[in-house]
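Accompanying notes for the structure given below.
The values are calculated or read from the model by the stated rules, or taken from the named source; none is laboratory data. A quick note: this is a predicted structure, and the numbers were derived from the prediction, not measured. Backbone-built Cβ (ideal geometry, glycine too); neighbour counts: all protein chains shown.
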Amino acid sequence: MKPKYEITPEKLREEFFEVYGTGESPRLFASPARINIIGEHIDYNGGKVFPAAIDRYLYVAIRKRSDSKIIYNDLFFDGTYTFDINDNFKFDKTNDYANFLNGILSCMKKQGYSFDSGFEVLIASNVPSAGGISSSSALECGFAWAVNETFNFGISRKDIALMGQQSEHEFMNVNCGIMDQYIIATARADTAELLDCANITHEYVPLLLGDYRFIVMNTKKQRKLADSKYNERRSQCETGLTMLQSAGHNIPNLCSMTPDQFEEWGSAITDPVIYKRVRHCVTEMDRVLRAVDALKANDLVSLGKLLYASHDSLKNDYEVTGIELDTLVEAAGKQEGCLGARMTGAGFGGCAIALVHKDEVENFIRNVQDEYTKKIGYPGDFFACGAGQGVKEL
């Protein structure tokens, strides 16, 4: 891996000519990272989630070639990957990040899109990799949109998102949800999206934070438990739904239940652990809807309280946080200018977010970093961000 620095579109264009030679200027595309403001572990329970794109971008420079060759380079990762557009693409771990790109091409070809030439690509990212803010989805959607526009395929933003998910499922063999690709493909500036995971529809909600910023706090812990525990939680939720349906409650999924209904029907769940898992789903869905109302009313104080409540539920009812995430959120809660904080993502490591006044950002990061390093034994990683825009040509 080469030393990283902050990349700009102008710098990427210069580097493209260094790598591929002068000639026609490449087209440049930007693809954002994302945070999930609230709505954790309910996407697979028919719930609504509330993500936003952030103003950290991965950039793709692309130019058609006169032959059928495809060449990939990344400014910060060693190695050149060369293929042919007529190849039958297969996953190969020696191809590293090129697998994400070939997965997209494989989906496009399966759907009947044909290429009249090869192309050359240079990628560079200001998104921290493996930081829990979807660097791989930014890569997939940024590349897919760049290819779509370069070859005039006319694929919609929603279908770009679905293609990214299809690539993960069929090519990368990762059974991911739709949220990451969807927000990255469809986001608008200064909005969050209320995404209904049951029917893949969304509503834009103004995300006007005024004097506040989201701080992304990365535990820098390897998430070894996340996959196995994720499957276990899914199974527990399915068991809870079956218990409720067997008791005669006609519900399609856990998140279609209101807190009042759960209060009334919850006794049908006889296992105390399953009961807690279901309670998280029901209360988190309610918190998502209240968070949307809070943002529409420009009530950031209420939003902050909901973030803390979400973390408590993920810690106590869903049990997916761990000492690293809990330490970040507890330390955040002691800081001046912090309205709320919670873990975001699968848990057991990864990231948390905090909503912090812009005048306190430096103090916040220093103080939380100190407390985290003392307790955990190594530093985390922190950065402030605002709302971003979905994939776009520059």
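Numbers at a glance
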read-out: Any hit, region 37-52, residues being under 25 Å from the mean Cα position of the chain (by Cα), basic (Lys, Arg) and outside any strand (DSSP E or B); value: no
read-out: Residue list for region 142-179, filter: modelled with pLDDT under 90 and in contact with a strand residue (DSSP E or B) (Cβ under 6 Å, 6 or more places away or on another chain); value: MET179
read-out: Any pair with Cβ under 7 angstrom, 6 or more apart, that starts in region 209-225 at a residue that is at positive phi and not assigned by TED's automatic domain parsing to the domain that holds ASN36 and ends at one that is of a type in the set (Phe, Trp, Tyr) and at pLDDT 90 or above; value: LYS220/TYR378
read-out: Residues that are outside any helix (DSSP H, G or I) and either under 16 Å from PRO206 (Cα atoms) or among the β-branched types (Val, Ile, Thr) (or both), drawn from region 281-322; value: ALA297, ASN298, ASP299, VAL320, THR321
read-out: Any hit, region 331-338, residues being within 22 Å of HIS41 (Cβ to Cβ), charged (D, E, K, R) and touching a helix residue (DSSP H, G or I) at 6+ places or on another chain (Cβ under 8 Å); value: no
read-out: Flag for VAL278 being within 27 Å of the chain's Cα centre (by Cα) and assigned to a helix (DSSP H, G or I); value: yes
read-out: Criterion violated by ASN298 - all others in (1) closer than 24 Å to TYR230 by Cβ; (2) modelled with pLDDT under 95; (3) surrounded by fewer than 18 Cβ atoms within 10 Å (Cβ to Cβ) satisfied; value: (1)
read-out: Residue in region 282-296 that is more than 23 Å from the chain's Cα centre (by Cα), hydrophobic (A, V, I, L, M, F, W, C) and over 20 Å from ALA341 (Cβ atoms) present; value: no
read-out: Members of region 316-346 found to be touching a residue at least 60 places away in the same chain (Cβ under 8 Å) and either of a type in the set (Lys, Arg) or outside the structural domain of LEU295 (by TED's automatic domain parsing) (or both), listed by number; value: ARG342
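Quick grid of which residues meet (1) buried (at least 18 other Cβ atoms within 10 Å of the Cβ); (2) modelled with pLDDT under 90; (3) in the same structural domain as VAL278 (by TED's automatic domain parsing); (4) among the hydrophobic types (A, V, I, L, M, F, W, C):
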{"position": "MET1", "(1), (2), (3), (4)": "no, yes, no, yes"}
{"position": "PHE17", "(1), (2), (3), (4)": "no, no, no, yes"}
{"position": "ASN36", "(1), (2), (3), (4)": "yes, no, no, no"}
{"position": "GLU40", "(1), (2), (3), (4)": "yes, no, no, no"}
{"position": "ILE70", "(1), (2), (3), (4)": "yes, no, no, yes"}
{"position": "LEU75", "(1), (2), (3), (4)": "yes, no, no, yes"}
{"position": "PHE83", "(1), (2), (3), (4)": "yes, no, no, yes"}
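Condition check ((1) touching a residue at least 24 places away in the same chain (Cβ under 8 Å); (2) crowded, with 21+ Cβ neighbours inside 10 Å) across all residues:
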{"site": "GLY350", "(1), (2)": "yes, yes"}
{"site": "LEU355", "(1), (2)": "yes, yes"}
{"site": "GLU362", "(1), (2)": "no, no"}
{"site": "ASN367", "(1), (2)": "yes, no"}
{"site": "TYR378", "(1), (2)": "yes, no"}
{"site": "PHE382", "(1), (2)": "yes, no"}
{"site": "GLY388", "(1), (2)": "yes, yes"}
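Let's see how each residue does on (1) more than 30 Å from LEU314 (Cα to Cα); (2) assigned to a loop (DSSP other than H, G, I, E, B); (3) charged (D, E, K, R):
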position	(1), (2), (3)
TYR5	yes, yes, no
GLU14	yes, no, yes
PHE17	yes, no, no
THR22	yes, yes, no
ALA30	yes, no, no
